[in-house]
Amino acid sequence: MFHTQLKEQSLTIMRWKMAATAEKAKEEISNPDEDRSTICLPDRDAKIAEIAYRKAENRGFEPGHELEDWLEAEQEFLL
């Protein structure tokens, strides 16, 4: 039982972090005056997190697919 509670708490924290990162990415995207010729690592990760968050959201945040979502999001971002 403790293991299940710990897993749920970890997933909840991850969801909050993903949502916050996705929100930051949206703010950055909405600033058209900013030079976007290079993407620094935090920006790249924020965009990947947003894609991964959308994948999880579309699935109803069913646990157990976090790594899969991230890896697919990386592939989509690189395309």
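The values are calculated or read from the model by the stated rules, or taken from the named source; none is laboratory data. No experiment lies behind these values; they were computed from the predicted model shown.
Residues ALA49, ALA22: which one is under 11 Å from the mean Cα position of the chain (by Cα), small (Gly, Ala, Ser), modelled with pLDDT under 85 and not in a loop (DSSP other than H, G, I, E, B)?
ALA22
Tell me which residues, restricted to region 60-78, are assigned to a helix (DSSP H, G or I) and not aromatic (Phe, Trp, Tyr).
GLU66, LEU67, GLU68, ASP69, LEU71, GLU72, ALA73, GLU74, GLN75, GLU76, LEU78 - these are the residues of region 60-78 that are assigned to a helix (DSSP H, G or I) and not aromatic (Phe, Trp, Tyr).
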